[in-house]
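Scroll down for the structure; my scribbles are underneath it.
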Amino acid sequence: MSDIPPATPEAAPSPAAARRAGGAPAAVRHGLTILLPAVAVFAVAPRIYPNGALLFAMMTFLVLAQGINVIFGFTGYLPFGYVGFFGTGAYAASLALLRLHLAWPLAMLAGAVAAALLALLLMPLLRLSGAYFAIASLAAAEAMYQLVSNPALVPITNGPYGLSLQAVYDGPVSYGAMVGVLALTLAILIYLRTSRFGLALQAIRDDPASAATAGVDVVRSRALAWLLSALMAGLAGGVYAWHVSVFYPDTVFDLSFTVFAIVFVLFGGPATILGPLFGTLALYGLYDAIGISTPQYFQFIYGLLIVVLVLFLPEGLVSLLRRRGIRVP
Amino acid sequence: MSREAILQVRDLVKRFSGFPALDGLSLAVGEGEVLGLVGPNGSGKTTAINVISGLIRPDGGSVQVGGRSASGLAAHQLARLGVNRTYQVPRPFVGLTVRQNVEVAAHYGGRGHAEADVDEVLAFVGLEGEADRPAGSLNSAQQKMLDLARALAARPRLLLVDELGAGLGPADLETVRARLAALAQRGVALVVVEHLMNFLASLTDRVVVMNAGRAIFEGDLTAAARDPQVVQVFLGG
Ligand SMILES: Nc1ncnc2c1ncn2[C@@H]1O[C@H](COP(=O)(O)OP(=O)(O)O)[C@@H](O)[C@H]1O
Ligand SMILES: [Mg+2]
């Protein structure tokens, strides 16, 4: 089967090969112009800006938005139950700290692994399409919530009464851990934005049948994307739990984590690195400015924004630049 | 058939909620051969391509590629074995650029050799000037060419072409015909589904005529035109 003439002649690699999806040079450039500054700002900001809680929440949402970006923006699956991975990570990491007395890096890793295991368990859901997938994932998150808050599990999870990590609380270190999770998240996104694996995921999003005929192993690729996005939420959940140090099942399985993250991605622009970044900074900033004190105004503005977005800017803010021929990483 | 078969299909059956879209289809394609596949609408041509390219599982029968069983292989595995196809209604990755569409196939569909040169493939189908446009912004004739480019980037030994000429004007049609002829010249085996007999006649001698999910005639085009059963299927409705 190898002595058949190829459909296209063999050719030396052309300069275009280097242009591909961006490749390594673009990845390095994005690392220097996006990852490094973002991480530096969040690392230094607490010394200048007193509202550490806002900074921490913003990082948490940046990670969640990018996690949604991986599985939805790139791969085309919208998981309403995404918060299930966050809550699972929060509980697994906390229990690893409290009950197993693991060192914090191992405990955070346990959170990520637990979320990835849940993703593995839910893998068959990826066979569902569209709304069915969205709703089934929501049901799965609800099931996880019911499980950890079950009074029968009080000896382990403390059921509905939540957990307190005050004995192991460390504000600055847990803040630093979230900076690290943010760095990892941005590195993953830079990889997807500049690699052919990222292109393959977008091919699956646009047309799974075509992607398969183009040689993409659809089942394997979307499974990897699903695991990656679960891992990101699990890590974020663990570090979040440690940092807030007192939380309830309702806190870490709150559906608004998913809703916010989805809106941030849609607002900024899916399948880019910068879109979800700007979406989160702008909209969480807005929420912090008016949402917490006067939620009714916020909900009004927010609702309006979603309608306007879906109607006029389905590709998010970055599409305004793209229409002017500006490429947004 | 004198040449070794690159594709051997035996007794394929595919039912859609009971309805047999394929009802015992058998056909063979030689290495480097061009086979015309014709038949009235709904006779199962597209379904046959979908089964052979691994997109849908048959309910019965077997597919062999290069003498080895390909039954049960997934579409991406068949692509890597050198079986590729275009779609009757083009299915580009609308969110990617034209170049990226082809790049995905060149990288993932290649058969372990050097990857196909994306620029060269784009030039072959006449899309070199549109490389950086979003695929979703192409017109439908261009999208058909992008489908072809993507299939070629996977460097197929067997290419299944589903009504690539349909809806094209005479000039575009001639261009497409010339491109398929060039591929045949390079030794790519082709299965060409087409309603336009002149188009087929210039590419191939041998056709398989399908009706109701099975082959009712196999032979050269002129003989097909004289075959009473074929005439009845096309004229008698
Ligand atoms: N996915 C499907 N679901 C149900 N019926 C189908 C499907 N695909 C094809 N069919 C039916 O199978 C028959 C053969 O269709 P098709 O293979 O598209 O024919 P052709 O390409 O020769 O026009 C038609 O009656 C069509 O309606
Ligand atoms: Mg058809």
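The values are calculated or read from the model by the stated rules, or taken from the named source; none is laboratory data. Since the model is a prediction, treat every value here as computed from it, not as a measurement. Every residue, glycine as well, gets a Cβ built from its backbone with ideal geometry; the counts of neighbours run over all protein chains shown. What goes into the accessible areas is simple: the full protein's heavy atoms, side chains included, and nothing from ligands, DNA or RNA. Shrake-Rupley method; radii C 1.70, N 1.55, O 1.52, S 1.80 Å.
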Which ³J(HN,Hα) values in Hz, rounded to whole numbers, follow from the phi angles of the stretch B:69-85 under the Karplus curve 6.51 cos²θ - 1.76 cosθ + 1.60, where θ = phi - 60° and Gly and Pro get x? 5, 10, 5, x, 6, 7, 4, 5, 5, 5, 4, 6, 7, x, 10, 9, 7
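Kindly point out which whole DSSP H helices in chain A project their C-alpha atoms 27 angstrom or further along the helix axis while averaging a Kyte-Doolittle hydropathy of -1.0 or above.
Details: long enough: A:130-148 (28 Å, 1.20); A:171-194 (35 Å, 1.49); A:218-244 (39 Å, 1.13).
Span-like helices in chain A: A:130-148, A:171-194, A:218-244.
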Output the Kirkwood hydrodynamic radius of the stretch A:168-227, Cα pairs only, in Å rounded to one decimal. 13.3
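I need the semi-axes of the equivalent ellipsoid of the stretch B:46-88: take the C-alpha gyration tensor, multiply each eigenvalue by 5, square-root it, list largest first in whole angstrom. Could you put the intermediate results ahead of the total?
Values: eigenvalues 41, 35, 14 Å².
Values for the stretch B:46-88, descending: 14, 13, 8 Å.
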Measure nothing fancy, just the Cα-based angle from helix B:140-153's long axis to the longest principal axis of chain B, in degrees from 0 to 90, nearest 10. 90
Per the helix-only calculation at 222 nm, which mean residue ellipticity applies to the protein assembly as shown, given -39500 (n - 2.57) for every DSSP H run of n ≥ 4 and division by its residues, nearest 500 deg cm²/dmol? -17000 deg cm²/dmol
Radius of gyration and Dmax over the Cα atoms of the stretch A:95-193, both given in Å: 16.5, 45
Range of Cα positions in the stretch B:155-210 per principal axis (Å), largest first: 28, 26, 17
Considering the dipole of the protein assembly as shown built from charges on the beta carbon (Lys and Arg +1, Asp and Glu -1) around the Cα centre, which of A:Leu102, B:Val98, A:Leu286 is farthest to its positive end? A:Leu102
Compute the orientation-averaged projected area for chain B from the convex hull of its Cα atoms and round it to one decimal in nm². 12.7
How big is the A/B interface in buried accessible area, both sides summed, 1.4 Å probe, to the nearest 100 Å²? 3300
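Using only Cα atoms, what is the ratio of the radius of gyration of chain A to 2.2 N^0.38 Å? Can you show the working numbers first?
Numbers: Rg = 20.6 Å, N = 329, 2.2 N^0.38 = 19.9 Å.
Cα-based Rg divided by the globular estimate yields 1.04.
Diagonalise the Cα gyration tensor of the stretch B:92-155 and give the resulting equivalent ellipsoid semi-axes, square root of 5 times each eigenvalue, largest first, whole Å.
Numbers: eigenvalues 68, 24, 17 Å².
Ellipsoid half-lengths, sorted descending, are 18, 11, 9 Å.
Counting residues in the protein assembly as shown as N, plug N into 2.2 N^0.38 Å and put the Cα Rg over that result.
Values: Rg = 27.5 Å, N = 566, 2.2 N^0.38 = 24.5 Å.
Taking N as the residue count of the protein assembly as shown, the ratio is 1.13.
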Bins of 5 Å, starting at 0 and running to the largest distance - Cα pair percent for the stretch A:209-324: 2, 9, 13, 18, 18, 17, 12, 6, 3, 2, 0
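Using a 1.4 Å probe, what is the accessible area per residue for the stretch A:153-238, in Å²?
Working: 2730 Å² over 86 residues.
It amounts to 32 Å² per residue over the stretch A:153-238.
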What residues qualify as long-range amide H neighbours of B:Phe217, i.e. H under 5 Å apart, gap of 5 or more or another chain, H built at 1.01 Å from N? B:Val209
Three principal axis lengths of the stretch B:38-111 [C-alpha, angstrom, descending]: 38, 31, 19
Percent antiparallel among DSSP beta bridges (both partners in the protein assembly as shown, rounded to 5): 60
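Run the numbers on chain B and let me know its relative contact order in percent, using alpha-carbon pairs under 8 Å that are six or more apart. Could you put the intermediate results ahead of the total?
Working: 479 pairs, mean separation 63.4, N = 237.
Here the relative contact order equals 27 percent.
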